[in-house]
1. Inside the range 287-300, can you point out the residues that are surrounded by 13 or more Cβ atoms within 10 Å (Cβ to Cβ) and either touching a helix residue (DSSP H, G or I) at 6+ places or on another chain (Cβ under 8 Å) or part of a loop (DSSP other than H, G, I, E, B) (or both)?
2. Pick from the range 217-260 the residues that are in contact with a Leu (Cβ under 9 Å, 6 or more places away or on another chain) and part of a strand (DSSP E or B): which of them is surrounded by the most Cβ atoms within 10 Å (Cβ to Cβ)?
3. Checking the condition within 30 Å of residue 67 (Cβ to Cβ), small (Gly, Ala, Ser) and out of contact with any strand residue (DSSP E or B) (no Cβ under 6 Å at 6 or more places or on another chain), which residue from 227, 217, 255, 269 passes?
4. Yes or no: the range 316-333 includes at least one residue that is touching a strand residue (DSSP E or B) at 6+ places or on another chain (Cβ under 8 Å), touching a residue at least 60 places away in the same chain (Cβ under 8 Å), assigned by TED's automatic domain parsing to the domain that holds residue 51 and in a helix (DSSP H, G or I).
5. Give me the residue from the range 131-150 that is away from the ligand (no atom under 16 Å from the Cβ) and modelled with pLDDT of 95 or more and, out of that set, surrounded by the fewest Cβ atoms within 10 Å (Cβ to Cβ).
6. Can you tell me which residues in the range 238-260 are under 15 Å from the mean Cα position of the chain (by Cα) and hydroxyl-bearing (Ser, Thr, Tyr)?
7. Step by step: first the residues of the range 80-100, then only those that are under 21 Å from residue 292 (Cα atoms) and more than 14 Å from the ligand (Cβ to nearest atom), then the one that is surrounded by the most Cβ atoms within 10 Å (Cβ to Cβ). Which residue is that?
8. Taking the criterion of being within 16 Å of the ligand (Cβ to nearest atom), in a helix (DSSP H, G or I) and either assigned by TED's automatic domain parsing to the domain that holds residue 314 or not aliphatic (A, V, I, L, M) (or both), would at least one residue in the range 51-59 satisfy it?
Amino acid sequence: MSKQDFKLFEDMMKKSEAAIPLVQILDEKGKLVNKGMKSSLTDEELVDLMKVLVWGRTTNERLILAGRQGRIGNLPPSEGQEASQLATLFAMNKTDFVLPTYRDVIPLVHHGMSMKNAVLWYRGHVAANIFPEKIYGLPAQTIIGSQIIQAAGLGYAYRRDEKDQVAFTYIGDGGTSQGDFYEGINFAGIFKSQAVFIVQNNKYGISVPREMQTKAGTLAQKAAAAGIPGIQVDGMDPLALYEATKTAREYTMAGNGPVLIETLTYRFGAHTLSDDPKRYRSQEEVDEWVAKDFLIRMRTYLGEKGLWNEEMEQEVIDATTKEVNDALDLADNEPKMKVSQLLKNVFEVPTPRIQKEIEMYEAKEEN
Ligand SMILES: Cc1ncc(C[n+]2csc(CCOP(=O)(O)OP(=O)(O)O)c2C)c(N)n1
């Protein structure tokens with residue numbers, strides 16, 4: 001084999017990574033750069049989006065505090081990722097179907113689940129997964145990657161039945177190494193599922209850096225193998241996240257099949273409250289990302305337009321703090337979960353073995 005052959009391979013690799021567009025509208029200084037797309041949001045929508053983002057951040061902060069007080073079981077916080085979660089969701093309709101991961105419980109609340117159910121979910125309570133209200137979404141998925149398969153199937157059904165609905169799902173960078181991810185996007189590509197896949201690249205799968213688990217230069221380029229568009233978006237830029245997702249929604253609704261969006265974001269805090277991120281990443285790296293915080297650039301941009309000020313932000317913070325505190329109290333009043341309840345939720349009709357276990361636990365449980 002000659003070096004000439006190597007060059008062919010190397011050129012191919014460079015081209016596949018270089019072909020991925022990066023969308024950015026608002027830069028770190030709060031200035032419009034309009035790289036790839038332009039913002040279509042009205043002043044009123046900009047304010048609404050900012051309120052949602054501040055709500056998301058405050059919810060995270062209040063829940064982390066509750067976790068430290070022992071009022072939450074296990075919390076995978078999403079501080080830093082709220083724009084990636086909520087500015088994308090902001091581009092969806094209320095009747096679009098959201099398939100979240102364990103890190104995306106806050107967006108699920110934005111989409112209609114009660115804050116009380118969110119608290120119950122973090123406590124591992126079965127009642128969290130019973131939606132009394134009409135919510136277009138599934139309970140948060142802990143099995144990495146399986147929601148991609150579900151979104152592919154649901155998106156296929158939406159297109160087949162000519163629904164004005166889109167299956168909208170999130171996955172982490174680590175999740176894109178899972179077989180379900182590849183199978184799901186492949187199916188979605190060939191069956192033109194009405195779906196949008198948001199890959200939240202927060203740089204780590206627990207403690208494993210993204211570079212250590214996939215040789216792919218970008219995660220967006222994985223879409224090419226499924227024959228679907230894949231783009232990267234600045235995950236700290238709410239305007240770019242909104243615009244890219246809105247365009248992806250329109251693209252898939254026009255019958256073109258799904259879109260994959262890789263958001264370049266960062267988890268400011270721990271993987272869960274039982275994780276110590278200092279063991280696998282430097283403070284310099286964290287500081288670098290905290291300086292990119294979308295709230296800083298949005299405050300500047302909206303402030304200069306005369307649309308946002310400290311009082312407005314404080315109002316959202318106060319209302320959200322009350323919302324989370326009330327939810328914690330409501331969750332405290334929920335009857336304690338029984339093992340039999342959990343077992344009854346495994347299958348609609350329990351297997352003989354599970355039925356036996358249900359009876360065994362029911363005989364022991366107090367009513
Ligand atoms: C099928 C499966 N394998 C392993 C795990 C254990 N696990 C929990 S979180 C996690 C890391 C996932 O990282 P990523 O997809 O990047 O999402 P993030 O936590 O950063 O949001 C793993 C491997 C799991 N929940 N499911």
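1. Going through the range 287-300, the residues surrounded by 13 or more Cβ atoms within 10 Å (Cβ to Cβ) turn out to be 289-290, 292-300.
If the condition is that a residue be surrounded by 13 or more Cβ atoms within 10 Å (Cβ to Cβ) and either touching a helix residue (DSSP H, G or I) at 6+ places or on another chain (Cβ under 8 Å) or part of a loop (DSSP other than H, G, I, E, B) (or both), then 292, 293, 294, 295, 298, 299 are the ones that fit.
2. The extreme case among them is 233.
3. Numbers: 227 fails: within 30 Å of residue 67 (Cβ to Cβ); 217 fails: within 30 Å of residue 67 (Cβ to Cβ); 255 fails: within 30 Å of residue 67 (Cβ to Cβ).
After applying the criteria, what remains is 269.
4. Filtering the range 316-333 for residues touching a strand residue (DSSP E or B) at 6+ places or on another chain (Cβ under 8 Å) gives none.
Scanning the range 316-333 turns up no residue that is touching a strand residue (DSSP E or B) at 6+ places or on another chain (Cβ under 8 Å), touching a residue at least 60 places away in the same chain (Cβ under 8 Å), assigned by TED's automatic domain parsing to the domain that holds residue 51 and in a helix (DSSP H, G or I).
5. Taking the range 131-150 as the starting set, the residues that turn out to be away from the ligand (no atom under 16 Å from the Cβ) are 131-137.
So of that shortlist, the ones also modelled with pLDDT of 95 or more come out as 136-137.
Numbers: 136: 17, 137: 19.
Per the criteria, the residue is 136.
6. Hits for the range 238-260 are 242, 245.
7. 83
8. Our first condition is that a residue be within 16 Å of the ligand (Cβ to nearest atom); within the range 51-59, this holds for 56.
Keeping just the survivors that are in a helix (DSSP H, G or I) gives 56.
So of that shortlist, the ones also either assigned by TED's automatic domain parsing to the domain that holds residue 314 or not aliphatic (A, V, I, L, M) (or both) come out as 56.
Looking through the range 51-59, at least one residue is within 16 Å of the ligand (Cβ to nearest atom), in a helix (DSSP H, G or I) and either assigned by TED's automatic domain parsing to the domain that holds residue 314 or not aliphatic (A, V, I, L, M) (or both).
The values are calculated or read from the model by the stated rules, or taken from the named source; none is laboratory data. Since the model is a prediction, treat every value here as computed from it, not as a measurement. We place every Cβ from the backbone using ideal geometry, glycine too, and count neighbours over all the protein chains shown.
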